[in-house]
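S.K.: Below is one structure. I have some questions about it.
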Amino acid sequence: MEKQTKAIRIQTDKSGNREHSVPLYLTSSFTFESAEQGKALFEETEEGNIYSRFSNPNVTEFVEKVCMLENAEDGIATGTGMAAVFASMAALLKSGDHLVACRALFGSAHQIITQILSKWGITHTYVDATATEAEWEAAIQPNNGRQVARMVYLETPSNPGLELVDLEMLARLKAKYGFILNVDNCFATPILQTPLDLGADLSIHSATKYMDGQGRVLGGIVVGRADLIQPIRFFARHTGPSLSPFNAWVLSKSLETLDLRMERHCRNALQLAEALDGHADVERVLYPFLPSHPQFELAKKQMSAGGAIVTIELEGGFERVKAFFDALTIPTLSSNLGDSRTIVTNPNTTTHAKLKPEEKAALGITPGLIRISVGLEAISDLIADFTQAVEKSAEVIKVNVD
Ligand SMILES: *Cc1c(COP(=O)(O)O)cnc(C)c1O
């Protein structure tokens, strides 16, 4: 059966009420029919819900659907994407371990690695997404008296530079060195890329983004190898980053339209990227499925479409960005992404503002960089609006210079 059919048809709840849409189990706890049953549930000789911090029917359904979409053995849902990232690291790494990570990371992942894990003696090395196999290997292998990396953590495509990491290449290194390959698959979604099929051990999502897709709820999930999910489940059960039943119910319903939405998101993004790529007033357009993208071949190999983020560079610094944002009439200004509404962000002054100049330089964060999270609006409207704003803002800058 195709993924899309499964995402729509799978309902794991068996309430016995013959409901067409799965009901919402807004309950913190579950009752025991007898002292014996309570004992059996805690001993795990009987399967069932005890307390919604451990499990809940809505959360279970969401997890099972994502496992099915990612071809994963098991998974655990969390209240936010960051809780999933943190749980995967905190549960699987210990003092003295080394983490190798891709340099282009979501800001909070960078903070976890540099400010929190470091307190517990977990060290790290950053590698550029586009580094060669030899460069990745140099960071992974034992060196300077430390052991081989215990985990490699990365995002592909990255935010906002849309750099790709070759997952098959890392799977080759994993076969040699035996680390845990942990991939934040948020930008690609399980519809465009399934890292577990390419050799990853864990795949993580901020469900807040495309899985919800309509800016309503926060959520996160990590899926993958059952023997790795088990310690993450233990960690989550006792530290409590659980996903709320309501959010799980919303997310589970949203998965029914994920495939459909991603198809439109990607088509819109490609068409907008093509339109802006040919425009004289746009300095540069980055989109994985544009032939001008430096990793176009890799994108085609590991993704089924280019995703919904287009990053552009405009000349004229922050003045140009201000004029451009003022001239746009359709998009929302927000730091969020992955929404049915098109959103524009200037990473240099918002999401990546706190980085040091050399960190910005390494990630290609320039003053005129703009991240476009392309929504589901009619593409003709988006192209017309972006084109007029590009031209109008170019005029404003020219007038100011004159
Ligand atoms: C948003 C995001 C996160 C964090 O998810 P939250 O749900 O906001 O906690 C992690 N990784 C990527 C790539 C993201 O875009």
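The values are calculated or read from the model by the stated rules, or taken from the named source; none is laboratory data. None of these values were measured; they are calculated from a predicted model. Positions of Cβ are backbone-derived with ideal geometry, glycine not excepted, and every protein chain shown enters the neighbour counts. Side chains included, ligands, DNA and RNA excluded: accessible areas come from the protein's heavy atoms. Shrake-Rupley method; radii C 1.70, N 1.55, O 1.52, S 1.80 Å.
S.K.: Right, VAL321: among the β-branched types (Val, Ile, Thr), surrounded by 15 or more Cβ atoms within 10 Å (Cβ to Cβ) and closer than 25 Å to THR130 by Cα or not?
M.R.: So VAL321 does not fit the description; no.
S.K.: Can you list residue pairs whose Cβ atoms sit under 9 Å apart, with the first residue in the stretch 222-237 being more than 20 Å from THR80 (Cβ to Cβ) and the second being surrounded by fewer than 16 Cβ atoms within 10 Å (Cβ to Cβ)? Count only pairs 6 or more apart in sequence or on different chains.
M.R.: Listed by first residue and then by second, the contacts come to ARG225/GLU73; ALA226/GLU73; ASP227/GLU73.
S.K.: In addition: State the number of residues belonging to the stretch 135-160 that are part of a loop (DSSP other than H, G, I, E, B) and surrounded by 21 or more Cβ atoms within 10 Å (Cβ to Cβ).
M.R.: 6
S.K.: Now a separate question. Could you tell me which of the residues VAL344, VAL396 is assigned by TED's automatic domain parsing to the domain that holds GLU313 and assigned to a helix (DSSP H, G or I)?
M.R.: VAL396
S.K.: Show me the helices (runs of 4 or more DSSP H) entirely contained within the stretch 1-101 in which 3 or more residues are within 19 Å of the chain's Cα centre (by Cα) and under 19 Å from GLY224 (Cβ atoms).
M.R.: Hits in the stretch 1-101: 57-70, 81-92.
S.K.: Hey, among the residues in the stretch 187-224 that are near the ligand (Cβ under 9 Å from one of its atoms) and open to solvent by less than 10 Å² (accessible area, probe 1.4 Å), which one's farthest from the chain's Cα centre (by Cα)?
M.R.: Checking each candidate, the answer is GLY219.
S.K.: Mind telling me which of the residues ALA90, ALA129 ends up being within 16 Å of the ligand (Cβ to nearest atom) and within 26 Å of ILE365 (Cβ to Cβ)?
M.R.: From the options ALA90, ALA129, the qualifying one is ALA129.
S.K.: Here's another thing I want to ask about it. Return a yes/no flag: does the stretch 237-245 have any residue that is within 16 Å of the ligand (Cβ to nearest atom), of a type in the set (A, V, I, L, M, F, W, C) and not assigned by TED's automatic domain parsing to the domain that holds ALA83.
M.R.: No, there is no match, as no residue in the stretch 237-245 is within 16 Å of the ligand (Cβ to nearest atom), of a type in the set (A, V, I, L, M, F, W, C) and not assigned by TED's automatic domain parsing to the domain that holds ALA83.
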